[in-house]
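Undergrad: Mind having a look at this structure? Questions to follow.
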Amino acid sequence: MLPWEHAAVGYLAYSLLSHLLARRSPGALEAVAAVVGSQGPDLIDKPLSWQYGVFESGYALGHSIFLAVPLAVAAGLLARAYGRARVGAAFAVGYLFHLPGDVVPTYLQHGYLPLSVVLWPVEKAPPSADRPVVDVTVELFFEYVDVLTAQDPPTLVLVQAGVIGLTALLWLYDGAPVLREIVLGVRRLLGGAGRRSAN
């Protein structure tokens, strides 16, 4: 799964849970935490593998269920200690949903579960090429656009694009958290400047 797909799934999962359990839309900090959490495994493993050669594969420590669960619990407890339990929960949901996001599409495409990507160090995923993370991400983005705009894109790609679209609609329904706070902040700033100049 690609970074933008992980972000969509992380936000979608947390927003749905927030609506079901708390009957409310996510706030800005929760939205950011869910998206950052959704990138967590890749932010750990890809640079350490592709650029620094610490791991043979881009699926290692960060993707391991043996780190993911304790990290999610620790994030939740730490956030709760600071009065931000929902932010910790959002990070945990985003992080944990990354793991099936890397397993399920392979199963749907090829009919097998690549559990080695989430069982490090018990099982190790195949080695990855040594390339800068930014270069690979840009290349993947353009490949994704090419596949999506092809005359007959694969069904899985259409489903994944549909999930991104559904998430965008849910984000709008939620009041566009983050963007909403930025707009309100700019309005307050401009309103304060206008009142000062009028005096």
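Undergrad: Which whole-angstrom value gives the distance between the alpha carbon centres of the stretch 33-100 and the stretch 129-155?
TA: That distance is 24 Å.
Undergrad: For the full complex of protein chains and a 1.4 angstrom probe, list Arg24, Arg187 by accessible area with the highest value first.
TA: Sorted by accessible area, descending: Arg187, Arg24.
Undergrad: Students often get this wrong, so try it: which of (i) -0.36, -1.20; (ii) -0.29, -1.33; (iii) -0.41, -1.30 is log10 I(q)/I(0) by the Debye sum over Cα atoms at q = 0.09, 0.18 Å⁻¹ as calculated from the structure shown?
TA: (iii)
Undergrad: Only Cα pairs under 8 Å and at least 6 apart count here; give the relative contact order of the chain as a rounded whole percent.
TA: For the chain, the relative contact order is 27 percent.
Undergrad: Which order do Asp146, Asp135, Asp102 take when ranked by solvent-accessible area (1.4 Å probe, heavy atoms of all protein chains), largest first?
TA: So the residues, ranked largest to smallest area, are Asp146, Asp135, Asp102.
Undergrad: Leaving out ligands and nucleic acids, note down the accessible area per residue over the chain with a 1.4 angstrom probe, in whole Å².
TA: Heavy-atom accessible area per residue stands at 58 Å².
Undergrad: Assign one of three labels to the stretch 1-104, namely rounded, prolate or oblate, based on the Cα gyration tensor with a ≥ b ≥ c the square roots of its eigenvalues; rounded applies when a/c is under 1.5, prolate when it is not and a/b is larger than b/c, and oblate otherwise.
TA: On the way: a/c = 2.34, a/b = 1.68, b/c = 1.39.
The shape class here is prolate.
Undergrad: Next up: Given only helices, namely DSSP H runs of n ≥ 4 each adding -39500 (n - 2.57), what is the per-residue ellipticity at 222 nm of the chain, to the nearest 500 deg cm²/dmol?
TA: The helix-only estimate for the chain comes to -22500 deg cm²/dmol at 222 nm.
Undergrad: Using a probe of 1.4 angstrom, how much of the accessible area of the chain is carbon and sulfur, in percent?
TA: 68
Undergrad: Restrict the search to the stretch 52-145; then list the GluC sites (Glu not before Pro) that DSSP places in a loop and that have at most 12 other Cβ atoms within 10 Å of their Cβ.
TA: Here no loop site has a sparse enough neighbourhood.
Undergrad: Put a dot 7 Å past each Cα toward the Cβ at Glu181 and Ile164; how far apart are the dots in nm?
TA: 2.5
Undergrad: Hey, another quick one. What dipole magnitude, in Debye to the nearest 20, does the chain give about its Cα centre under +1 on Lys/Arg Cβ and -1 on Asp/Glu Cβ? Before the final figure, lay out each step's value.
TA: Working: 13 positive and 15 negative charges, 296 e Å.
Result for the chain is approximately 1420 debye, rounded to the nearest 20.
The values are calculated or read from the model by the stated rules, or taken from the named source; none is laboratory data. Computed from a predicted structure; not experimentally measured. A quick note on method: Cβ atoms are made from the backbone with ideal geometry, for glycine too, and the neighbour counts reach across all protein chains shown. Note: areas computed on protein heavy atoms with side chains; ligands, DNA, RNA excluded. Shrake-Rupley method; radii C 1.70, N 1.55, O 1.52, S 1.80 Å.
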